[in-house]
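Reading through the structure tokens given below for one structure.
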Amino acid sequence: MSLRGATLSARLALSQASTRCSMRVSVRRYSATNAGGTSGHEESDVVIVGGGPAGLALASALGSNEIPVKVTLVEGGDLGKVRDWTMSPDAYSNRVVSLTNTSLNFLEEIGAWEHVEVGRTCAVEDMQVWDGISGARIEFNAAALGVGSPTQQGQMSRLTENLNLQRGLLRHLDGRSNVTLLDNTKVENILSDDIPGGGWPMLQLSNGHVLRARLLVGADGINSPVRAYSKIDSYGWDYQTRAIVATLHHPPQTFVPNTTAYQRFLPTGPIAFLPLSPTVSSLVWSTKPELAAILTKTDPENLAYMINAAFRLPELSMRYLHARLLEAPTITPAALRDEIAFREQAHGTPPHASVLAEPTAGVPTQDGGALPPLVTHVQPGSAASFPLRLRHAESYLGPRTALVGDAAHVVHPLAGQGLNLGLGDAAALARCVRDAVARGGDVGSYTALAPYARARYLENHAVMGAVDKLHKLYARTEAPVVWARSTGLEVINELDTLKAGLMGAAGASPRSSAGVGGLADALASGVEMVTGGARVAQAVAGGLQAVAVGALQQLARAAAGSGSEQKSS
């Protein structure tokens, strides 16, 4: 039965049914006496397949002395390269993550954050988000909204390179005697043992060894072999967009520190400008595949011009420039500059907002920080792109298996939640293992693992649904839809309590923080008010307006779920 195109909400009942049925799946049996000529195997309480951030974070959490279990992590790549990774202070990797305060608290609690090079991280204290067509804007200031944590006051999140985080987790694992890392080792096959009353997963490794796992965890990405072994289907769709990533250099802003994240929603996809240091920021630009192909291969000076233009020029001019690039992919920087100058003259662009203005270090901008600093150049070799997808496993649990991170879910990066969801999975699964050990239970049993699925599936589902709807909402250009979403955004911008609720739902306030739970009710009330104003657009645009309202309602439900958990903690 084809599941493509089904909505997330309609699929929830199917996924819950799959969770109940997944434990009855038939599996091939494995005899340890005929596995590639070996007469034995090694046993581990928990085997994690995948050495990305989610897998390493889970191993780090399970490596705590409070959880006396034997853990083995298997990774096909060379983790030594990650452990020894280094870059010059003025150069940064192009893959970054925005760690929420909830994720930071988790990393601090397990002792991993102290191994991360903090000098290569940057706090996000402000956010500027606006509609690429109407210009409607919402602003977030962490200090004014009172979001943060006892150790991370005045910040919504903290940006760091993925490799900096992975290296810190590996350094933390170096001191964990109960955790074994097997890198440069691939899983060639996964079967189920034939020991009576067993049913444990048996992993045949490329080094000739066989691992028998009481609990097998798939942290092995979107094409997860562990998920395939567990016979767990995933559903979703490919977005017809690609994300361009690059490392950007710009002058320092002496009077306006580079701690603001900027995001503009264009019909072709959102573009985000994320601070890494006083003079370096990271780009994540979602756009059409044909444009991504040109922008990543064009002259780096052209890419810098297009990035600056994407934050400043009206949407009409951006459409023209995109068409110009498609017509002439090898356009020279001088010709592109002339095109931009002509568009700015036609629009009457003021000098301080010009794409072609001369960047000056230390001079405050007349726009009061509403626009990011002008990019002077793109770090050589940093421009790349990757396809965007939505995927959600129908269950997080199989026979003695559990899925975390991208093996369980893949989400659009517009809200920066992908890796944070994976870290949330790792924290929840580590708690389940700890609780099972404390009770003397079987860490691989469905009884021990069921709380993990209950804690994570609906929460991840709500976030993924909200992000998916926002992506679709801002891809529309019909006037009634633009009016409805712009009105909603401007109303929310005037309600600090509502904005704090949104930030809390997105992890800016850790789950253990006191007093945040009541924000969910305020958020729900505020969304109802916004929805009332949007009913006018419904009369004009019919079903199109439901997309706008649905996105706001999804955010409300996500915050409400966050609030109820905070109240019970």
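The values are calculated or read from the model by the stated rules, or taken from the named source; none is laboratory data. Not measured: the values here are computed from a predicted model. When we count neighbours, we look across all protein chains shown, and the Cβ atoms used for this are built from the backbone with ideal geometry, even at glycine. The accessibility values were calculated without ligands, DNA or RNA, using every heavy atom of the protein model including side chains. Shrake-Rupley method; radii C 1.70, N 1.55, O 1.52, S 1.80 Å.
If the cut-off is a Cα-Cα distance under 15 Å, which aspartates and glutamates reach Lys70, setting aside same-chain residues fewer than 8 apart in sequence? Within reach: Glu42, Glu43, Asp45, Asp174, Asp442. Taking Cα centre as origin and charging only the Cβ of basic (Lys, Arg, +1) and acidic (Asp, Glu, -1) residues, the dipole magnitude of segment 62-216 rounds to 280 debye. Sequentially through segment 319-327, phi angles give Karplus couplings (6.51, -1.76, 1.60; θ = phi - 60°) of 4, 5, 5, 4, 5, 5, 5, 5, 6 Hz, Gly and Pro residues having no value and appearing as x. In the complete set of protein chains, residue-level accessible area for Asp238 is approximately 70 Å², probe 1.4 angstrom. Shape index of segment 297-431: Rg/Rh, with Rg the Cα radius of gyration and Rh the Kirkwood radius from the inverse mean 1/r over Cα pairs, equals 1.15.
Can you give the Rg to Rh ratio of segment 293-357, both from alpha-carbon atoms, with Rh computed by the Kirkwood formula? Across segment 293-357, the Cα-based Rg/Rh ratio is 0.93. For chymotrypsin sites (Phe, Trp or Tyr not before Pro), the sites in segment 255-336 that DSSP calls loop and that have at most 15 other Cβ atoms within 10 Å are Phe255.
Enumerate by residue number the GluC sites (Glu not before Pro) in segment 65-115 meeting two conditions: DSSP loop (anything except H, G, I, E, B), and at most 13 other Cβ atoms within 10 Å of the site's Cβ. Qualifying residues, ordered by number: Glu66.
Using the per-residue mean of other Cβ atoms lying within 10 Å as a proxy for protection, in what order, highest first, do the peptides 332-344, 442-454, 43-55, 423-435 fall? Write out the running numbers ahead of the final one.
Values: 332-344: 15.8, 442-454: 17.6, 43-55: 25.9, 423-435: 23.4.
Order by mean packing, descending: 43-55, 423-435, 442-454, 332-344.
For Lys231, a cut-off of 21 angstrom between C-alpha atoms picks up these lysines, skipping any fewer than 8 places away in its own chain: Lys186. Calculated accessible area for segment 55-161 comes out at 38 Å² per residue, all protein chains present (probe 1.4 Å; ligands, DNA, RNA ignored).
Ranked highest first by the average count of other Cβ atoms within 10 Å around their residues, in what order do 411-421, 478-488, 76-86 fall?
Numbers: 411-421: 22.8, 478-488: 20.7, 76-86: 13.9.
Packing proxy ranking, top to bottom: 411-421, 478-488, 76-86.
Hydrodynamic analysis of segment 392-468 uses the Kirkwood radius over alpha carbon pairs. Inserted into Stokes-Einstein at 4 °C and 1.567 mPa s, it gives a translational diffusion coefficient of 102 µm²/s.
Just to confirm my numbers, what's the Cα centroid distance between segment 284-325 and segment 36-85 in Å? Segment 284-325 and segment 36-85 have Cα centres spaced 42 Å from each other. Its alpha carbons considered, segment 134-242 gives a radius of gyration followed by a Dmax of 21.5, 66 Å.
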